Amino acid sequence: MSFDPESRADLVLDLGPLSTEERTDLWSRLLKEAGPGFTEVETKELVTLETPPGRIVEAVKRLSRNSAWEELSPQSVVEHLKVALVPNKPKASETTYAEKLKPIRCLDELCLSPEAMTRYKRIIQTIRGRKEMLTNWKLDPGLVGRAQGVMLFHGPSGTGKTMAAEVLAHELELPLLRMEAAEIESPYVGESESRLQQFFASVKGKPAVLLLDEVDTVLMNRSTTTGSTKRYQDNFVNTFLRELDRFEGILVLTSNHPGSLDPAVERRIQFRLVFESPSAEVRAQIWKTLLGDAPIPGRESLDFSTVAALYDLSGGRIRNAFMDACQRAAETGAISQEILIDACEEEQRSSITKTLRTIKGFGA
């Protein structure tokens, strides 16, 4: 006996395209809600365009937020809406959705614990040695792996994950293509997967390092998602896995919460490196690296070991404090230990985690 879903369902919801009458009602309602200036707009020409309702809503919102519409005639508003209804189709050369960077930071600028640095250098050596294994040793590419390197840098914010990816590209003498994982997400069905495919395609046949930041926001464990987001999550992760299996380059993933990644993604990661909060010794090294050889008056009076011991700041926050101290030094003409400590105090006070009030009790 065949299964008839309509006979078994309590509610049947048709999500097909809108009829002409439904589009007319939608346009009229949205333009009325947009403001007095839109009520005079003739919708006849707009209704003939078989546009999905979501795109109609977005087009009206986008134009109503722009104050320039007040100077337009009703017909000009129609023309602007027609343009807004057409989805942006970037040129093939512009569909990477990634920022192409020329790596300038070298290995000497990266401050990690001795253990992490040893592991990091080993990863670089392994990637360099892969060519030797394939070319001279004639090992099976299936055994070595199609990708030159898929790695996960994970740890708290500000511990140097993104910088480590830049240094990796610099050491391998390759360009770096960086993208925030959140930028891949789109409200339109299938668009997120398309952007992901274009991100991988941007380096096809071109040696480069791909950096995908904060992947825990889009590559979550599929077994933990439920409801309306499950189908989207399944499709996105499956697309990522297919692209990764065909990928032949170098991919760096960064995450603050590696435990939330999908197990299938974890299995394909070749190298993992933990970026921990820096120790006092590493913090002092970061301070010295930031100062470098800059001829700042008063630099000889600075005691970075003391500052590093007093203030438990991440690398990113040390950079903030250092720039603050330099700005203060530019005003006074010289930098000093007092300025450095004041900058650290200010950075510590500005931390959200320090200023949030803790609720100790709650009565229902």
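Before moving on, here are some points about what is shown:
- Considering residues of segment 338-351 that are exposed (fewer than 13 other Cβ atoms within 10 Å of the Cβ) and of a type in the set (D, E, K, R) only, the residue nearest to Leu313 (Cα to Cα): Arg349
- Residues being out of contact with any Phe, Trp or Tyr (no Cβ under 7 Å at 6 or more places or on another chain) and crowded, with 17+ Cβ neighbours inside 10 Å - total across segment 292-315: 5
- Segment 316-332, residues that are surrounded by 13 or more Cβ atoms within 10 Å (Cβ to Cβ) and polar (S, T, N, Q): Asn320
- Qualifying position, being part of a loop (DSSP other than H, G, I, E, B), surrounded by 14 or more Cβ atoms within 10 Å (Cβ to Cβ) and out of contact with any strand residue (DSSP E or B) (no Cβ under 6 Å at 6 or more places or on another chain), among Ile286, Ile335: Ile335
- A count restricted to segment 1-31 and to residues that are surrounded by 12 or more Cβ atoms within 10 Å (Cβ to Cβ) and at pLDDT 80 or above stands at 9.
- Counting only residues that are farther than 20 Å from Ile127 by Cα, surrounded by fewer than 19 Cβ atoms within 10 Å (Cβ to Cβ) and not aliphatic (A, V, I, L, M), segment 159-183 holds 2 of them.
- Complete set of residues in segment 176-191 that are at pLDDT 80 or above and in a helix (DSSP H, G or I): Ala181, Glu183, Ile184, Glu191
- Take the conditions (1) modelled with pLDDT of 90 or more; (2) surrounded by fewer than 18 Cβ atoms within 10 Å (Cβ to Cβ); (3) of a type outside the set (Phe, Trp, Tyr); Gly363 misses just one of them, which is (1).
- Residues of segment 210-228 that are assigned to a helix (DSSP H, G or I) and either over 24 Å from Leu177 (Cβ atoms) or among the hydrophobic types (A, V, I, L, M, F, W, C) (or both): Val215, Arg222, Ser223, Thr224, Ser228.
- Evaluation of Arg231 against (1) outside any loop (DSSP other than H, G, I, E, B); (2) modelled with pLDDT under 85; (3) over 30 Å from Pro52 (Cα atoms) (one fails), failing number: (3)
The values are calculated or read from the model by the stated rules, or taken from the named source; none is laboratory data. Treat the numbers as computed from the prediction; the structure is a model and nothing was measured. Don't worry about glycine lacking a Cβ; one is built from the backbone with ideal geometry, like all the others, and counts go over all protein chains shown.
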